[in-house]
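*Asks:* Before I ask anything, here is the structure I am working with.
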Amino acid sequence: CWYPEIAGAWRQVKKLSGGGCMMDMSIHCMDLIQYVVGSRAKKIASFNSTNTFKYEVEDQSSSIIELENGAFAYVDSNFNIPDAAAKCRFEIYGTRGSALCEGTIGQVEGGTINVVVTETGGYDAQQNRNDVTPLKIDGEFGNMYTKEIESFGRSILDNTPIEAPAEDAVFVQSVIEAAYKSTEMGKIITL
């Protein structure tokens with residue numbers, strides 16, 4: 001997003017926010033990746049800096065994460081990209097296809113999800129990409145904050161497991177702390 005200097009903005013003060021765009025936005029993406037993939041972060045290398053604005057927290061962040069299952073994830077967040085230019089994408093690529101989600105990362109539910117599932121074949125030196133029509137996944141849109149409260153309420157009333165347990169939040173916070181440590185030390189950090 002575009003987040004210029006604003007007098008009194010707590011997100012721009014490290015003591016109040018804990019960090020910039022990585023703490024504010026990347027943390028949610030890292031949590032989502034672990035939830036969707038079903039594997040936790042194992043190692044992280046992160047690059048954070050303040051290049052556009054003059055506040056004390058980072059306005060750009062890039063992290064590479066190795067998950068316990070061997071997959072790699074890349075998370076990029078910014079406070080220095082015009083809102084209209086940001087596409088808020090979440091992409092997954094695997095040996096059997098991909099899921100490309102655009103406009104799905106944000107505070108308002110929406111966007112599109114296109115999934116391509118394909119059979120793997122032999123090696124193609126020409127790397128021909130056969131036209132495969134993606135399957136569009138329709139989501140159930142509504143107020144995401146209401147959905148969180150309803151989910152929590154169902155867990156209490158029906159004695160079902162909490163969909164987003166506190167332990168997951170604590171773990172993803174440790175991933176963010178390791179990412180900041182990676183930037184400070186210039187090293188890959190093992191969790």
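The values are calculated or read from the model by the stated rules, or taken from the named source; none is laboratory data. Since we're looking at a predicted model, the values are computed, not measured. No Cβ is skipped: glycine too gets one built from the backbone with ideal geometry, and neighbour counts run over all protein chains shown. Note: accessible area is taken over every heavy atom of the protein model, side chains too, but ligands, DNA and RNA are not part of it. Shrake-Rupley method; radii C 1.70, N 1.55, O 1.52, S 1.80 Å.
*Asks:* I'd like to know if the range 39-49 contains one or more residues that are in contact with a strand residue (DSSP E or B) (Cβ under 6 Å, 6 or more places away or on another chain), within 24 Å of residue 166 (Cα to Cα), at pLDDT 95 or above and not in a strand (DSSP E or B).
*Replies:* For the range 39-49, residues in contact with a strand residue (DSSP E or B) (Cβ under 6 Å, 6 or more places away or on another chain), within 24 Å of residue 166 (Cα to Cα), at pLDDT 95 or above and not in a strand (DSSP E or B): present.
*Asks:* I'm checking my understanding of the structure. Among residues of the range 3-35 that are open to solvent by 70 Å² or more (accessible area, probe 1.4 Å) and either in a loop (DSSP other than H, G, I, E, B) or touching a residue at least 40 places away in the same chain (Cβ under 8 Å) (or both), which one is nearest to residue 172 (Cα to Cα)?
*Replies:* Taking the candidates together, the pick is 28.
*Asks:* Can you work out which of the residues in the range 168-191 that are part of a helix (DSSP H, G or I), in contact (Cβ under 8 Å) with a residue 12 or more places away in the chain and among the β-branched types (Val, Ile, Thr) is surrounded by the most Cβ atoms within 10 Å (Cβ to Cβ)?
*Replies:* 175
*Asks:* Okay, moving on. Does the range 117-133 contain at least one residue that is closer than 19 Å to residue 1 by Cα, touching a residue at least 12 places away in the same chain (Cβ under 8 Å) and of a type in the set (A, V, I, L, M, F, W, C)?
*Replies:* No, every residue in the range 117-133 fails to be closer than 19 Å to residue 1 by Cα, touching a residue at least 12 places away in the same chain (Cβ under 8 Å) and of a type in the set (A, V, I, L, M, F, W, C).
*Asks:* Just to be sure I understand, how many residues within the range 57-89 are assigned to a strand (DSSP E or B), among the aliphatic types (A, V, I, L, M) and open to solvent by 60 Å² or more (accessible area, probe 1.4 Å)?
*Replies:* Qualifying residue count for the region: 1.
*Asks:* Among the residues of the range 92-115, what is the count of those that are loosely packed, with under 12 Cβ neighbours inside 10 Å, under 26 Å from residue 146 (Cα atoms) and of a type outside the set (A, V, I, L, M, F, W, C)?
*Replies:* Number satisfying all stated conditions: 2.
*Asks:* Considering only residues of the range 44-56 that are touching a residue at least 40 places away in the same chain (Cβ under 8 Å) and buried (at least 17 other Cβ atoms within 10 Å of the Cβ), which is nearest to residue 190 (Cα to Cα)?
*Replies:* Among them, the one singled out is 44.
*Asks:* Can you name the condition, by its number, that residue 93 falls short on among (1) closer than 27 Å to residue 42 by Cβ; (2) over 15 Å from the mean Cα position of the chain (by Cα)?
*Replies:* Against the list (1) closer than 27 Å to residue 42 by Cβ; (2) over 15 Å from the mean Cα position of the chain (by Cα), residue 93 comes up short only on (2).
*Asks:* Give me the residue from the range 116-162 that is charged (D, E, K, R) and outside any helix (DSSP H, G or I) and, out of that set, most open to solvent (accessible area, probe 1.4 Å).
*Replies:* Residue satisfying both the conditions and the ranking: 129.
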